[in-house]
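The values are calculated or read from the model by the stated rules, or taken from the named source; none is laboratory data. Everything numeric in this text was worked out from a predicted model, so none of it was measured. Cβ atoms come from the backbone with ideal geometry, glycine included; neighbour counts cover every protein chain shown.
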Amino acid sequence: MRRKLAAGNWKMHGLAADLAQAEALARDLPAPAVDVLLCPPATLICRMAKALARTPFAIGAQDCHPAAQGAHTGDVSAAMLADAGASHVILGHSERRADHGEDSALVAAKATAAHGAGLVAIICVGETEAQRDAGQTLAVVREQLRDSLPDGASAENTVVAYEPVWAIGTGRTPTDAQIAEVHDTLRAALPDAGIRLLYGGSVKPSNAAEIFAIANVDGALVGGASLKAADFGAIIAAL
Ligand code: PEP
């Protein structure tokens, strides 16, 4: 039985003042029956890890460099993130694939680095709207998964998130049947039956319970709604 996971991706949002939101959520939330993770911008990882140290919340990052150290101005290594208090790192988010030209081979190299530093890699895959319209969804996510998963991926060190690009931040979501079809496909391709498979893309309190009821959905990667303590709390409660 895979334990459910609610992961919040703050993206490039959040200043020190916003830590109060996370602290209030951790304080007011009844002990969650699921794993909860918050991924703030890198600047807040250290402070958030300290602020939430005695809560059930884990802290994650949103990217790492594949190298352990070196002349990579502006980048952060997996070991540095672990040192700052992170236990997870999101990799291959479609915004990084699009904004920074990241391909699946680079995502796999980053995941290897994350594993080497003791971090759990949350590997994102998902089709664009054009790919869905062209009937390529299953082929695209299968290929992304195959090429992004590093050797040694297991339930202990890897989570996969299916995030249709067209559903991110748009308020649009696939039908339950479309989510089920992709999750069933990914599940069949995963090397370890214990690897958790999250859905991400416009999850909010009003649709969370329905999405979580779909077979092979082991939780959610939540963007916008994770920025509001009340909304993220409601999503956690729906899991
Ligand atoms: C995301 O960016 O990972 C995401 C799922 O965003 P949103 O929930 O805002 O669609």
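Sort out which residues of region 197-239 are within 23 Å of residue 149 (Cβ to Cβ) and away from the ligand (no atom under 13 Å from the Cβ), and write them in order of number.
Answer for region 197-239, where residues must be within 23 Å of residue 149 (Cβ to Cβ) and away from the ligand (no atom under 13 Å from the Cβ): 197, 214, 215, 216, 217, 218.
Considering only region 175-196, state which residues are more than 16 Å from the ligand (Cβ to nearest atom), under 14 Å from residue 153 (Cα atoms) and either in contact with a His (Cβ under 8 Å, 6 or more places away or on another chain) or among the charged types (D, E, K, R) (or both).
Across region 175-196, the qualifying residues are 187, 192.
Give the residue, chosen from 153, 161, that is more than 14 Å from the chain's Cα centre (by Cα) and at pLDDT 95 or above.
153
Within region 111-166, restricting attention to residues that are over 23 Å from residue 194 (Cα atoms) and in contact with a Ser or Thr (Cβ under 7 Å, 6 or more places away or on another chain), which residue is farthest from the ligand (Cβ to nearest atom)?
Restricting to residues being over 23 Å from residue 194 (Cα atoms) and in contact with a Ser or Thr (Cβ under 7 Å, 6 or more places away or on another chain), the top hit is 131.
Which ones in region 90-108 are under 21 Å from residue 8 (Cα atoms) and not hydroxyl-bearing (Ser, Thr, Tyr)?
Selection gives 90, 91, 92, 93, 95, 96, 97, 98, 99, 107.
Report yes if some residue within region 20-36 is among the polar types (S, T, N, Q) and closer than 25 Å to residue 157 by Cα; otherwise report no.
no
Return yes or no: is residue 147 over 17 Å from the mean Cα position of the chain (by Cα) and farther than 22 Å from residue 128 by Cα?
no
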